[in-house]
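Values in this text are rule-based calculations from the coordinates and carry no lab data. None of the values given here were measured: they were computed from a predicted structure. For neighbour counting, all protein chains shown are included, and Cβ atoms are generated from backbone atoms with ideal geometry for every residue, glycine included.
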Amino acid sequence: MVNFTQETTSATLTIGDRVIELPLVVGTEGEVAIDIRQLRQQTDGVAINGNLVPGGVISFDPGYKNTGSCQSEITYINGEEGILRYRGYNIADLAKKGYRFIDVAMLIIFGELPTAAERANFRDLLTHNELLDEDMRKFFDSLPPHGDPMAILSAAVQCSSLYNPELRAIDPADPEGFTLAAAKLLSKVRTIAAFSYKKAIGQPIRYPNPELDYVRNFLHMMFSIPNKPYHASETEVDALNLFLTLHADHEQNCSTSTVRMVGSSKANLFDSASSGISALAGPLHGGANIAVVNMLEKVSREETTVNELIGLAKSKKIKLPGFGHRLYKKYDPRARIIKQKVDKLLGELNHDAPLFTIAQQLEEIALTDDYFIAKRLYPNVDFYSGIMLRAIGIPVNMFTVMFAMARMAGWIAQWREEMLTPGAAIQRPRQVYTGAPERTIDWEMGI
Ligand code: SDX
């Protein structure tokens, strides 16, 4: 954990009749934050325009565009320069060196890339915990057909912990217990994801195969049927490993902040992760990968054109899915890697590429358009990821589920960091009340 003591200097705030000093917090890469933890105490009773403010003033930052919620050692992003690192390693290196997703998940969760022995032990744990309790079959059987796989995933992750009550009480400071819980969650989320797909398309559930590694096992559960075995190609396995690696963590985004907020009430790992899945589902967040492919398909069916879409975005009738980012004001480094991979993948898998062509046209027009230039809107991770998943054969309604499977690594690490932060308090923002001033009930009107 980083010590919260490195104030190199301070900021001065003049407010009403008072001048106060606010310490600065400096991160490893020189990021600077103004520490306002004592702001209310320091401004208690300050006189503003002749009025005393009891309790002091607070900061106001809806959407947290300028607010740091924690210190974290997991992921570093420099959005101005388009840099993303997990535990100090550049995302492009982790993608290039051909690490498997589970290696990267271990890096994110435990802080270091695994040794061969650590990898083998963790893989054994994943294998031993890949089955769901057989009673969970009833849970899947009770769901309506064609249910949203993200809703199923969120409910099933929470439900699966009911069959392992010890998981609902793990001590994040106990390395053995935490490692087991992390392995169970990573392994079971993959089984649940595949089961939810089988449920949605009315095929029999396929059990995991202990002979297969993480990604191959997932593809087996998704695509094999009892009378037809399925063999994933090396190309598909590599592409899916890359997809999962690139989505594994992204510091304090909406779903991860949700996981940390829920965890801050001391909620257990499974309940916190389940809430993260719900947050990820929205179209402004992980759900954008579905919106992108739906949009590109509309263009390919000639129901709209790329120019019309750009026009709608500029007139603020739509937010162009897969474009823009809270942090990146340059090309999202993940989008660049995925775009390059898609180019290769479509060739290797002999897929025709109408959606990729349309996406590239859309990008080209957007990147030379004054509106997009002025607002620094570039493709984000979701812009090309759906095309990549589609090439592997993953159906559109499973795209956000794939994102959630990958992000589980980040959520597990971030949940633990939240739980182990010394002095961490329950997350509880304040508000500025703008409703009616105190009023009295008119008893004459009756009830
Ligand atoms: C993810 O945060 C993360 O790290 C998330 C993520 C992760 O790995 O966890 O990276 C994954 O969620 C990627 C983003 C997926 N969402 C989309 O692709 C949906 C489309 N994008 C936008 O809605 C938007 O860009 C967000 C949600 C991604 C970011 O929103 P912000 O930071 O709140 O920015 P904003 O909506 O306030 O936009 C700023 C300006 C606005 O114009 P003005 O009011 O200043 O005139 O840019 C415009 C917006 O109208 N704008 C867009 C646009 N995105 C922003 N205009 C057209 N099309 C867009 N896509």
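Descriptive notes on the structure:
- Under the shape rule built on the C-alpha gyration tensor, where the axes satisfy a ≥ b ≥ c, the stretch 190-256 is oblate, since a/c reaches at least 1.5 while a/b does not exceed b/c.
- Relative contact order computed over the stretch 2-60 (Cα-Cα under 8 Å; 6+ residues apart), in percent: 25
- Evaluating 6.51 cos²θ - 1.76 cosθ + 1.60 at θ = phi - 60° for every residue in the stretch 17-23, the Karplus couplings come out as 8, 10, 10, 10, 9, 10, x Hz, glycine and proline recorded as x.
- Global form of the stretch 52-154, assessed from the alpha-carbon gyration tensor, a/c cut-off 1.5: oblate
- Maximal additional length on extending the LEU349-MET445 stretch stands at 27.1 nm, based on 0.36 nm per residue less the C-alpha distance.
- Look at LEU52, LEU113, LEU186 and count the other Cβ atoms within 10 Å of each Cβ; fewest to most, that gives LEU52, LEU113, LEU186.
- Peptides ranked, highest mean first, by Cβ atoms within 10 Å: ranges 424-431, 288-295: 288-295, 424-431
- Choice from GLU303, GLU166, GLU251 with maximal GNM fluctuation in the chain (Cα, 10 Å cutoff): GLU303
- Principal-axis tilt of helix 269-280 within the chain, Cα atoms, nearest 10 degrees: 90
- At q = 0.14, 0.22 Å⁻¹ the log10 of I(q)/I(0) for the stretch 218-299 amounts to -0.72, -1.05, computed by Debye summation with a single uniform scatterer per C-alpha, solvent ignored.
- From phi via Karplus (6.51, -1.76, 1.60), per-residue ³J(HN,Hα) for the stretch 406-413 in Hz, x at Gly/Pro: 5, 5, 4, 4, x, 4, 4, 5
- Computed lengthening from LYS65 to TYR89, 0.36 nm per intervening residue step minus Cα-Cα distance: 6.1 nm
- Annotation: the chain has a Kirkwood hydrodynamic radius of 24.0 angstrom, from the mean reciprocal C-alpha pair distance.
- Candidates ARG326, ARG137, ARG18: whichever shows maximal mean-square fluctuation once the chain is modelled as a Gaussian network with Cα springs under 10 Å: ARG18
- Shape call, the stretch 170-310: gyration tensor on alpha carbons, a/c limit 1.5: oblate
- Filter on LYS199/LYS339; LYS97/LYS330; LYS65/LYS344; LYS188/LYS266; LYS188/LYS344; LYS184/LYS339 - keep pairs with C-alpha separation over 28 Å: LYS199/LYS339; LYS65/LYS344; LYS188/LYS344; LYS184/LYS339
- Principal-axis tilt of helix 381-392 within the chain, Cα atoms, nearest 10 degrees: 10
- Exposure proxy for VAL46, VAL299: other Cβ atoms within 10 Å of each Cβ, ordered fewest to most, give VAL46, VAL299.
- Residues whose amide H comes within less than 5 Å of that of GLN71, counting only those at least five positions distant or on another chain, are absent (H built at 1.01 Å from N in the peptide plane).
- Rounded tilt (10° steps) of 333-348 against the dominant C-alpha axis of the chain: 10
- Length-normalised contact order of the stretch 47-116 in % [C-alpha pairs under 8 Å, at least 6 apart]: 17
- Whole-number percent relative contact order across the chain, with pairs defined as alpha carbons under 8 Å at least 6 apart: 18
- Modelled label positions at GLU176 and LYS298, each set 7 Å beyond Cα in the direction of Cβ, lie 5.6 nm from each other.
- Among VAL32, VAL19, sorting on how many other beta-carbon atoms sit within 10 Å of each Cβ, with the fewest leading, yields VAL19, VAL32.
- Note on the stretch 2-60: Cα Rg divided by 2.2 N^0.38 Å, N the number of residues, gives 1.28.
- Computed helical MRE - 222 nm, the chain, DSSP H runs ≥ 4 contributing -39500 (n - 2.57), nearest 500: -15000 deg cm²/dmol
- Under the Karplus curve 6.51 cos²θ - 1.76 cosθ + 1.60, θ = phi - 60°, whole-Hz ³J(HN,Hα) for the stretch 156-165, x wherever Gly or Pro sits: 6, 4, 5, 4, 4, 6, 5, 7, 9, x
- Highest-MSF residue in the chain out of ASP35, ASP61, ASP249 [GNM, Cα springs under 10 Å]: ASP61
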